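Everything on this sheet refers to the single structure shown next.
Throughout, read-outs are computed from the coordinates displayed, never taken from laboratory work. Values in this document were obtained by computation on a predicted structure and should not be read as measured data. Counting neighbours? That spans all protein chains shown, and the Cβs are built from the backbone with ideal geometry, glycine included.
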Amino acid sequence: MNKKSHPDGLEKIDILLVDDRRENLLSLEAVLACAEYNLIKTTSGYEALRYLLDHTPALILLDVQMPELNGFETASIIKSSERTREIPIIFVTAINKDQQFVHQGYDHGAVDYIYKPYDIHILKAKVAIFVDIRRQHNRISRLVSVQQAATTSLADFTQIDTAISNVLESICTSLRWDLGLFWRVDAQTQTLYCRSEWHDPTYSSSDFAKGCFKQNLSRGVGLPGRVWENKKALWVTELLKETAFPGLIAATKENLHTAAALPIYVQDETMGVLEFYSRNSLSEDPDLVNIMSAIGSQVGQVLKRTETLELIQDSEARLAAIAIENAKLYQEAQEAIQVRDDFFSIASHELKTPITALKMMIQIIQRTLKPEAGALSSGEKLFKMLDASSKQINRLTHLVEDLLDVVKIRAGKLSFNVEEVNLSDLVKEIADQHCDPLAAAKCPLKLKIEPNIKGHWDYSRIEQILVNLLSNAIKYAPGNPIKIEVSRIDHTAKLVVQDSGPGIPKEQQPKIFNRFERALASQNISGLGLGLFIVKQIVEAHHGTIHLESEVGTGSSFIVELPTKILDATLPNPKMPEGHLPAVAS
Ligand code: ADP
């Protein structure tokens, strides 16, 4: 319970008694003593003035005849000070009863002049009037100050929760509530949850408040729920008489007697509830309820404004994110378009070259075979031309096959026919088939092959791996030796195709296994940038790996490792993500 409170919640009112005779002070005390008054006894004018330096009692009962500083002189000093001027003074005297003294008393600002022996009932009644005036005065200044404090808290804040905590604190301290709680309506669950609290420092144990934070209240449940439902402030003078009150036991344990709750609202919408508890028994004050309701509306408007601002800010954070995402997508689309355009130009060049060569050769053959051209050219010359034509046709076929493979890979339709394959024999066979190109490129080939390395794979796809890697070595490392190694470690077959060509810069190495990616240095050498991509897909479909070891200037080694026993071969990532493949291949 608050130190200066009466058990009923009425604050104790200070009354200053001044008399040089102790027996007079005692008899005044005997008459006035009651729980509502705080009687301060002083035995001289000086002592009284000292007390008034930092106190403002509701009334001064002042003896007239006193040594040193008499009652009139004391009253003059009291009335001369701005701070104490308004304190009512009643002179109490047994001696100075003449009219002139009475006048003198009123001249010194007295509100009454009482002779001894006084009528106890009259004295009590007069004192009670001034006490009542002080109470009214205190009440009105509290109402004004609570309104001001709430307005200040709401006018100047950076964070809405801090502002509401400040409102709770200012209402509690101005109105002597021990505990204030802020309940917020959760629009989604349609319940009230406790968002913040403030309690008086002398009210430390607050299991009741802790309990509030753990529960959600539906409409109509508990005091906050009832306020939410009725949209009206609620005052409960004696909580113990309440039956439907969820935290009643905890509240009783903590001696909470009175509660008041008010809606936080904007127009028709209740946004939350402010709830207050006191350890005193406080009777309902309609003016206070009105002021608290006005504060509820103020808090509601601020809360709404803050929420709207937050919403606006939120949608601004979100719009920015969409803009960034769009910019990213746009850039990716631009890059994809660029890749597609590059691909078109390379593909048309690649396809045009063998076609042009074929056309030329056919024209020469036609000219050669014309009757007017005279004698038939030698069979050897014709054979050479047809041979060259066949190579160009092979080149065209290879290009078209690569394109088809990419389309199949993208659709997840590259099929595999797993059977036993002798890798050692296959490598030798491919090496034989490439004798001419190897010789033409001046690339001596060295084979280091362990015999009979077999595995369960797709024969033609393994062949494709070998042809691609060997063709690349011939294409990118002409004039340099090439080495092919086949070995086996446990259940893994290892194939290495090594050249001593220009090598591939480190930063470009990870990219060359992607579709249409070509290392910068090879831009002048024909190719679509599909070979290694297809190789990698085939290797991974066989549950194997491929990696590159290369240094610029020393050459490149492509290392393929394949498990010798696989149950089936499937593409690791059948469906390629959209947007990376040029439209031509779709
Ligand atoms: P393409 O040969 O059609 O360009 P690939 O997918 O076979 O496509 O190869 C991708 C790129 O990798 C080539 O463009 C080339 O830059 C690089 N590359 C491949 N093999 C070698 C090699 N043996 N030496 C140097 N660069 C190579």
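Can you work out the FRET efficiency for the pair E507 and K328, with r the C-beta to C-beta distance and R0 = 22 Å, to the nearest 0.05?
Details: r = 23 Å, r/R0 = 1.03.
For R0 = 22 Å, the calculated efficiency reads 0.45.
Based on the alpha-carbon gyration tensor of the chain, what equivalent-ellipsoid semi-axes (square roots of 5 times the eigenvalues) come out, in whole Å, largest first?
Ellipsoid half-lengths, sorted descending, are 109, 24, 22 Å.
Where in the range 395-435 does the amide nitrogen come within less than 16 Å of the point 7 Å from the Cα of H543, taken along Cα to Cβ?
Within reach of a label on H543, which here means backbone N under 16 Å from a point 7 Å along Cα→Cβ, the range 395-435 contributes 416-421.
Rounded, prolate or oblate for the range 432-514? Axes are the square roots of the Cα gyration tensor eigenvalues, ordered a ≥ b ≥ c, and the cut-off for rounded is a/c under 1.5.
Oblate.
Among W183, W198, which comes first, second and so on when ranked by fewest other beta-carbon atoms within 10 Å?
By the 10 Å Cβ count, ascending: W198, W183.
In the range 528-553, whose amide N lies under 15 Å from the spot 7 Å out along Cα-to-Cβ of E517? List them in ranges.
Only 529-537, 546-550 fall inside the zone, counting backbone N under 15 Å.
Using 7 Å Cα-to-Cβ label points, what is the S390/L53 separation (nm, one decimal)?
Reported label-point gap for S390 and L53 is 12.6 nm.
Could you give the nm distance between label points at V31 and I559, where each point is 7 Å from its Cα heading toward the beta carbon?
11.3 nm
Fewest to most neighbouring Cβ within 10 Å: what's the order for M385, M271?
Details: M385 17, M271 20.
The most exposed by this proxy come first: M385, M271.
Over 26 Å between C-alpha atoms is what I'm after, so list which of K413/K506; K391/K448; K454/K536 land there.
Beyond 26 Å between Cα atoms: K413/K506; K391/K448.
So, counting K/R as plus one and D/E as minus one, what does the shell of residues with Cβ under 12 Å around D458 add up to?
Result for the local shell: -3.
How much FRET efficiency would the formula 1/(1 + (r/R0)^6) give for A439 and H491, where r is the Cβ-Cβ distance and R0 is 35 Å, rounded to 0.05? Don't skip to the answer; put the middle values down first.
Working: r = 37 Å, r/R0 = 1.05.
It comes out at approximately 0.45.
How high is the FRET efficiency between R83 and T151 when r is their beta carbon distance and R₀ equals 30 Å, given to the nearest 0.05?
After rounding, the FRET efficiency stands at 0.70.
Could you tell me the ratio Rg/Rh of the range 411-478? Both radii from Cα atoms, Rh via Kirkwood. Don't jump to the answer; show the numbers that get you there.
On the way: Rg = 13.5 Å, Rh = 13.1 Å.
Taking Rg over the Kirkwood Rh, I get 1.03.
Under a cut-off of 30 Å between alpha-carbon atoms, report the lysines in cross-link reach of K253, not counting same-chain residues fewer than 8 places apart.
Answer for K253, where 30 Å is the Cα cut-off: K3, K4, K12, K210, K214, K231, K232, K241, listed by chain and number.
Which distance in nm do the two modelled labels at I129 and S293 give, with both placed 7 Å along the Cα-to-Cβ direction?
The two pseudo-label positions are separated by 3.4 nm.
Could you list D490, D161 in order of exposure, starting from the residue whose Cβ has the fewest other Cβ atoms within 10 Å?
Final ranking by Cβ density, sparse to dense: D490, D161.
Residue separation times 0.36 nm, minus the C-alpha to C-alpha distance between Q99 and S218: what's the value?
Computed gain between Q99 and S218 is 35.7 nm.
Could you name the aspartates and glutamates whose alpha carbon sits less than 17 Å from that of K352, not counting residues in the same chain fewer than 8 places away?
Counting by Cα, and skipping residues close in sequence, K352 has these aspartates and glutamates nearby: D341, D342, E401, D402.
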